[in-house]
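Data first, discussion second: the structure below is written as structure tokens.
The values are calculated or read from the model by the stated rules, or taken from the named source; none is laboratory data. Remember, it's a predicted structure, so these values are computed and weren't measured experimentally. Cβ sites come from the backbone with ideal geometry, for glycine too, and all protein chains shown count toward neighbours.
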């Protein structure tokens, strides 16, 4: 494993999908270009920004905003292997777009928990 590849132990609650991480490593096998570091740093920045946006949606937030955040995070979290977050986003986005009953406050809390866990894990990977 190259020196630039984030590889520190991840928090027990969150494990990034090793297959997704390996696909990222394949983009820069020897690590010379710092692709893994750059991708994970970009994910960290985006996720932190989205969590702030979700915080604002607590207690009476907008279903459209929560759905938009879930949509944005769904694919980015899947691409880096944050599967728990990606699945939560997919479930919530699907339910909100379908207009199915549920609690928006619960959705926000679920996304915040999964997002904060993923953020802690990616930070541990980037800053061993």
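For the reader, a short list of remarks on this structure follows.
- Hits in the range 76-108 - residues which are under 21 Å from residue 62 (Cβ atoms) and without any contact (Cβ under 8 Å) to a residue 12 or more places away in the chain: 91, 94, 98, 99, 100, 101, 102, 103, 106
- The one condition in (1) part of a helix (DSSP H, G or I); (2) surrounded by 15 or more Cβ atoms within 10 Å (Cβ to Cβ) that residue 16 fails to fulfil: (1)
- Unmet requirement for residue 43, which otherwise passes all of (1) surrounded by 18 or more Cβ atoms within 10 Å (Cβ to Cβ); (2) at pLDDT below 95: (2)
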